[in-house]
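What follows is calculated from the coordinates using simple rules that are stated; it is not laboratory data. Keep in mind that what you see is a predicted model, and the values were worked out from it rather than measured. Don't worry about glycine lacking a Cβ; one is built from the backbone with ideal geometry, like all the others, and counts go over all protein chains shown.
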Amino acid sequence: MRPKLAVLARHLVLAGFSAAIALPLLWVLRVSLTDKLTAYKLPPEIGQIGLHNYAEVLTQYDFGKWFGNSVAVAVAATLVSLPAAAMMAYASARYRTGGWPLLLGVLASQMIPPIVLVLPMFLVFMTLLPVPGLVAITIAHVAVNLPFMAWIMVSFFDADTRSLEEAARSDGASRWQAFRMITVPVAMPGIIAAGLLGFIMSWNEFLYALILGDHGSQTLAVGLASMETHAGVNIAPLAAATLLALAPVLVLLPFLQKYLIKGLSLGALK
Amino acid sequence: MTAATPMEMRDRRFGWMLTAPGLALLAAVVLFPILWAGTTSFFDYTLIMPGYDNFAGFGNYAKAAGDGEFLHAAWITVLFVLAVVSIQFAIGLLVALMLNDTERGKGVYYLILLCPLLINPVVVGLMWRMILHPTLGIVNWLLSTVGIEPVNWLGAPDMAFWTVVLVDIWHQVSFMVVLLLAGLSSLPAEPYEAARVDGASALQRFWHITLPMMKPVIAITLLIRMIFAIKTYDIIYIMTRGGPGTATDLISYFIYRRAFVSLDLGEACAMAAMLLIVIAGMTALLWRTMRTAQDD
Amino acid sequence: MKRILLASLSGLALAAAAQAEEVNILMEAVPDTTYIQQLLPEFEEETGIKVNLEVVNYAEMHTKLVPQLVARSGSYSAIVVDFYWVGEFYKAGWMQPLDDRIEADGFDTSVYVPAMMDLVGQVEGTTYMLPFYNYAMGLLYRTDLLEDEANKAAYLEATGSELKAPETWDEYLRQVAFFTKDGQYGVVNQGLRPDPIAMEWSNYLFASGGSFMDEGWHATFNSPEGVAALETYIKNLNDYGPVGAASFSFDEAFNVFSQGQAYSYITYNFFRAAVDDPSSSAVVGKAEIMGVPGQTPEEGGSLNGAWGWAIPKSSPNPDAAWKFLQWVESPEIAKKRALLGGSPTRLDVFDDEEVIAKYPQTVALKELLLGSHNFPTFTYTPQFVEVLGRELSLAVAGEKTAQEALDTAAAEFDEMAAKDGRQK
């Protein structure tokens, strides 16, 4: 009886939490199906429901371009920074490379409000390194994400795989092979979590995308924000766009399913 | 220090080889901006008259340290960071523990909790402003159906602070869940099996096995959330602009205004440098406690 | 060899330039931008120049612009300048003088409303901008409530005077109190700091007979008139407005008005068009706009506001940018924009019969603009807006008295004006 009660209690907590997260989004969904007048009408009335806001977002705004740019930047930035950060984290965890000053120094670059870094960075891209806007944004995001990802992964590489690695090494594996074949699979939940959070940071990043981008390289963060204007907020199309912009969750899900959601028990590996 | 053996030498070289790509990337992108900001903090540098003609020494630092409004923003930030990080951690750990032990519906729960993370803070702010509109918002209307007076979510100083905290929790709590859950799912199974054989209770298992082994992940999670919380500015920008009065004037938004409204980059850089020193100090402290706990 | 290389390089560059001249402009998604977007094909056909409008969030425009302007060479051919950036942009030397171009091409600037040229045209006798659209503030009020017979009778009973569109500030305030009844608010305010509250309160200041400063740039807004204006503002917000107005930006406040819950709202004149948009308004045809009334029927209390076109120093192609400016501000296009719903800055457009026939409120909007007052524009205007917004918000939050808040803001204003070398 008791385990059953515990399961029920768990689901109650999780359902309550999910409801707190989802209810505001359901209201956003409702607003996305109506117009501004109905959105603010109380007591709420259903009014005319339709997909016109979705159509408006896709035709009147550059939603497709924003979305494509955001996907390109976030994927590229994650693919570049994740391996670099993983190697850096492993070196620090296993070989104490650079010791704590290195790790601290790396992260220190992200302890400064980006607003004071964006101007010099802009000047660099404007004069020394005139790359297209999307490339500039991606480079900036790599630099922003890498330190955080490295720190996240250090704590996962700390998990005790040393004896496993040593066993592999005495079987003739190189250091690189030991890292690649033993440590990486064991730390996979951490690596995927770091990659996911890096993707999210890049997806939402606003300031660098705003300053370094141009009319062709606006990301979703910048594009959606432009729907707040001097003449008010275009709330209904914005609601529609917000929900459309959640699409990556569904694309990411299979990856996450395998490494994060199913739960990977180290015991199984051993 | 004893002379390194050839083995250690090779270890060391391998370590640096792994570190080099990331380090080179960072050096290429952020080194110059950081040096630039550091230099600028010692000059009377405004965007209206950019130039390094007037060396200010520690003048900008002194000015910032003597600016009551800046110190007030720093204090508000301390309260904000304490509030969001501790509440998010409590909720995040609970949810992560529950999720880790759950099989059915796990994917659905995970999918839902990821959603807020993928919404840009600007949009989060705008959506919550709509939902919390005191006279036209759905929340106050729902409260009114059970006889609760309209809540002045953003218009009264104390309430506005907690509203911003609430919205930040909604937006970022899943960050904690994702990291803590990843940490939980990479824990080894043996200690738990041993504990079960010994007949340890769930609470005992949590306290004596989970918590100690999770320490590094927990420390990093707290640290990163703390840094993000200190850098919070979009939500403030959209929801309160630091008001009413100065009730929600967080330090990052303050520095933002100093740089891009007052155009006083010298002082903004000095403020950023002061912030950096404080956060770096806290990080070093956290790191050391974590390491000593680890090496015990 | 070197010479050949150079020649071919410059030839390449020329070819590239001739092939596709592009004009990049940073704007925001307001109606006036949309109208230009609709008319752009005409320009592109006429000149072969492609125009890219990069649209960003209003509040972030300044942040986006500053690095572009600081750089020796930026990516924007032309920019739009909010009136309160003018002093700063001028002082920093970020805009190109336009006088030579105006003279060479015989562009007529005398058709602009003089207050517009003062605000977003000339600085210290040099023309840096062409006025783009105006957003002088006005009083949106509900005509249906004024015409209601029961209201008329009750108002006559209560005040002994006739219920009509207010001619003076005091009459307006009486109406605000009167219409706060039956779950309806007399007024909705926008108390968010810094610009919503600072801009809105400026109308209260002018309407109460106050001013920001004297001739010698010494602050005068902490005078008794200023204090009265702030006390009135706080009373309106707390007693006659909806809960939470202290945190409202224009969007929240407008929604209260457009849902039909408030009698009046002092706001930017382009919201007049939104009142008649059935997708966002429940008061279509039931509201009108007028200048904010002043102490006497002859005086107005409105705050002026406008955007101007400028060519930045960092413009990669100022000649093409000027071509665009000439086109967009030509009489034909200015009129077409107004016919689409745009907010004019030129007298000839205001007086155009077609425009008036389509939008009768144009007459009232012209009156409003002519009677409006300018905000102090100098190098530190954005900073002053920030300070004023903070202090007004503190007073509204009850953390300072009106006098204390205004004294602090006035002291900081004097300091900035002195630093800018304005004070005499």
Could you work out [θ]222 nm for the protein assembly as shown from helices alone, using -39500 (n - 2.57) per DSSP H run of at least four and dividing by all its residues? Round to the nearest 500 deg cm²/dmol. -19000 deg cm²/dmol
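What does the net charge come to around residue B:205 if you take all other residues with beta carbon closer than 13 Å to its beta carbon, with K and R at +1 and D and E at -1? Kindly include the intermediate steps, with their values, before the conclusion.
Values: positive: B:196; negative: B:101, B:190, B:193, B:198.
Overall, the nearby charge balance is -3.
Work out how much length residue C:161 to residue C:144 would gain on full extension: take 0.36 nm times their residue separation and subtract the Cα-Cα distance, in nm to one decimal.
Numbers: separation 17, 0.36 × 17 = 6.12 nm, distance 1.81 nm.
Additional length available on full extension: 4.3 nm.
What number comes out for the charge environment of residue C:27, summing +1 per Lys or Arg and -1 per Asp or Glu over other residues with Cβ under 13 Å away? Numbers along the way, then the final one.
Details: positive: C:64; negative: C:28, C:32, C:54, C:60, C:82.
Summing Lys/Arg as +1 and Asp/Glu as -1 gives -4.
Pulled fully out, how much extra length does the chain show between residue C:339 and residue C:414, if you take 0.36 nm times their separation in residues and subtract their Cα-Cα distance?
22.7 nm
Using a 10 Å cut-off on Cβ to Cβ distances, tally the other chain neighbours for every residue of B:148-158 and report the average as a whole number.
On the way: counts 0, 1, 3, 2, 6, 3, 7, 13, 6, 6, 0.
Mean number of neighbouring Cβ atoms from other chains: 4.
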Rg/Rh ratio calculated on Cα atoms of segment B:1-61 (Kirkwood radius): 1.33
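Ignore the peptide's own chain and count Cβ atoms of other chains within 10 Å of each Cβ in A:97-103; give me the average, rounded.
On the way: counts 11, 4, 0, 5, 1, 3, 4.
Averaged over the peptide's residues, the number is 4.
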Report the residue, chosen from A:191, A:46, A:235, that carries the largest GNM mean-square fluctuation when chain A is represented by alpha-carbon nodes joined by springs under 10 Å. A:46
Rg(Cα)/(2.2 N^0.38 Å) for segment A:70-131, N = residue count: 1.41
Contact order relative to length of chain B, as percent, for alpha carbon pairs under 8 angstrom and 6 or more apart: 28 percent
Peptide C:394-400: average number of partner chain Cβ atoms within 10 Å per residue? 4
The simple spin-label model distance between residue B:158 and residue B:16, using points 7 Å out along Cα→Cβ, in nm, is 5.9 nm
Could you list the trypsin sites (Lys or Arg not before Pro) in segment C:33-79 that lie in coil according to DSSP, counting only those with at most 15 other Cβ atoms within 10 Å of their Cβ? C:72
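Which residues make up the longest stretch of chain B that has no chymotrypsin sites (Phe, Trp or Tyr not before Pro) in a DSSP loop with at most 14 other Cβ atoms within 10 Å? It would help to have the intermediate numbers written out before the result.
On the way: sites that count: B:52, B:58.
Formally, the longest exposed-site-free interval is B:59-296.
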Candidates C:207, C:158, C:410, ranked by Gaussian network fluctuation over chain C, Cα under 10 Å, top entry: C:158
Give me the Å³ per residue figure for the convex hull around the C-alpha atoms of segment C:158-269. 118 Å³
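Within a Cβ distance under 10 Å of residue C:177, other residues only, what is the Lys/Arg minus Asp/Glu net charge? Provide the component values of the computation, followed by the final result.
On the way: positive: C:174, C:181, C:235; negative: C:239.
That sum, taken over residues with Cβ under 10 Å, equals +2.
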Would you grab the residues whose amide H sits under 5 Å from the one on residue C:266? Only those 5+ places off in sequence or on another chain, please, with H modelled 1.01 Å from N. C:140, C:188
Those GluC sites (Glu not before Pro) in segment C:209-279 that DSSP places in a loop and that have at most 11 other beta carbons within 10 Å: C:215
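Let me make sure I get this right: for the protein assembly as shown, a, b and c are the square roots of the gyration tensor eigenvalues over alpha carbons, sorted descending. Under 1.5 in a/c it's rounded, otherwise prolate if a/b > b/c, else oblate. Which is it? Don't jump to the answer; show the numbers that get you there.
Numbers: a/c = 1.94, a/b = 1.48, b/c = 1.32.
Prolate, because a/c is 1.5 or more and a/b exceeds b/c.
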Separation between Cα centres of segment C:366-401 and segment C:189-229, rounded to whole Å: 6 Å
In sequence order, what are the phi-derived ³J(HN,Hα) couplings for segment A:121-127 according to the Karplus relation 6.51 cos²θ - 1.76 cosθ + 1.60 with θ = phi - 60°, rounded to whole Hz, with x for glycine and proline? 5, 4, 5, 4, 5, 6, 10
I need the GluC sites (Glu not before Pro) found in segment C:259-335, filtered to DSSP loop residues with at most 13 other beta carbons within 10 Å of theirs. C:298
Residues of segment B:212-239 with amide N under 18 Å of the 7 Å Cα→Cβ point at residue B:72: B:236-237
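Note down the relative contact order for segment A:62-226 as a percent, whole number, built from C-alpha pairs under 8 angstrom at least six residues apart. Kindly include the intermediate steps, with their values, before the conclusion.
Details: 167 pairs, mean separation 70.2, N = 165.
So the answer I get is 43 percent.
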Which translational diffusion coefficient, to the nearest whole µm²/s, is obtained for chain C from the Stokes-Einstein equation, given a Kirkwood hydrodynamic radius over C-alpha pairs, 37 °C and 0.692 mPa s? 144 µm²/s
Of the residues C:229, C:310, C:177, which exhibits the maximal mean-square fluctuation in a Gaussian network model of chain C defined by a 10 Å Cα contact cut-off? C:177
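Where the eigenvalues come from the Cα gyration tensor of chain A, what are the semi-axes √(5λ) of the equivalent ellipsoid, largest first, in whole Å? Present the calculation step by step, with values, prior to reporting the outcome.
Values: eigenvalues 311, 168, 43 Å².
After diagonalising the Cα gyration tensor, the semi-axes are 39, 29, 15 Å.
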